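All remarks here apply to the structure that follows.
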Amino acid sequence: RFSLQASGGGLVQPGGSLRLSCTASGNINSIERMGWYRQGPTRQRDVVAVITSRGQTIYKDSVKGRFTIFRDNAKNQVYLQMNSLKQEDTDAYYCNVRTWLPRDYWGEGTLVTVSS
């Protein structure tokens with residue numbers, strides 16, 4: 001089992017930056033990927049960015065070139081560096097761990113608000 005603790009959300013002006021952090025407690029060797037999702041108006045969680053155990057990264061098209069996901073395996077942490085934020089990035093962001101089973105674990109959402 002995993003428990004996830006996310007932080008770093010907040011209010012930022014358009015064009016600004018935020019960094020989300022997520023710490024996973026559990027066996028890192030069972031993790032296939034870690035990532036960030038956001039809720040969206042449909043309330044269905046859509047992938048923002050994921051990073052696999054091999055370091056492969058996948059991004060939602062609308063955030064490519066603006067967001068960067070990276071991991072600190074020694075600390076069981078995953079980060080999402082968000083630059084050039086837009087109002088449409090406003091959302092609740094959720095940290096995710098997917099194991100090799102596969103099984104998904106979710107952290108509580110952290111709210112990102114982009115507004116002038």
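The values are calculated or read from the model by the stated rules, or taken from the named source; none is laboratory data. As the structure is a prediction and not an experimental result, all values here were calculated from the model. Backbone-built Cβ (ideal geometry, glycine too); neighbour counts: all protein chains shown. For the accessible areas, the whole protein counts, side chains as well, though only heavy atoms, and no ligand, DNA or RNA atoms are used. Shrake-Rupley method; radii C 1.70, N 1.55, O 1.52, S 1.80 Å.
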So is Tyr59 among the aromatic types (Phe, Trp, Tyr) and touching a Lys or Arg at 6+ places or on another chain (Cβ under 8 Å) or not?
no
Go through (1) open to solvent by 60 Å² or more (accessible area, probe 1.4 Å); (2) at pLDDT 95 or above and name the single condition Asn73 misses.
(2)
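Consider Asp61 carefully, then state whether it is surrounded by 15 or more Cβ atoms within 10 Å (Cβ to Cβ), at pLDDT 95 or above and among the acidic types (Asp, Glu).
Details: surrounded by 15 or more Cβ atoms within 10 Å (Cβ to Cβ): no; at pLDDT 95 or above: yes; among the acidic types (Asp, Glu): yes.
No, not satisfied.
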Anything in the stretch 9-44 that is open to solvent by 30 Å² or more (accessible area, probe 1.4 Å), touching a residue at least 60 places away in the same chain (Cβ under 8 Å) and outside any strand (DSSP E or B)? List them, or say none.
Gly9, Gln13, Pro14, Gly15, Ser17, Gly26, Ser30
May I ask you to list the residues in the stretch 93-108 that are of a type in the set (S, T, N, Q) and not in a strand (DSSP E or B)?
none
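Among the residues of the stretch 45-56, which ones are in a strand (DSSP E or B) and open to solvent by 60 Å² or more (accessible area, probe 1.4 Å)? Even if it seems obvious, please write down each step before you answer.
Our first condition is that a residue be in a strand (DSSP E or B); within the stretch 45-56, this holds for 46-52.
Passing the criteria: only Asp46.
Tell me yes or no: at least one residue of the stretch 84-91 is among the acidic types (Asp, Glu), in a strand (DSSP E or B) and either closer than 18 Å to Leu111 by Cβ or touching a Cys at 6+ places or on another chain (Cβ under 6 Å) (or both).
Initially, the stretch 84-91 is screened for residues among the acidic types (Asp, Glu), giving 88-89, 91.
Next cut, in a strand (DSSP E or B) only: 91.
Filter once more, so that each one left must be either closer than 18 Å to Leu111 by Cβ or touching a Cys at 6+ places or on another chain (Cβ under 6 Å) (or both): 91.
Checking the stretch 84-91: at least one residue is among the acidic types (Asp, Glu), in a strand (DSSP E or B) and either closer than 18 Å to Leu111 by Cβ or touching a Cys at 6+ places or on another chain (Cβ under 6 Å) (or both).
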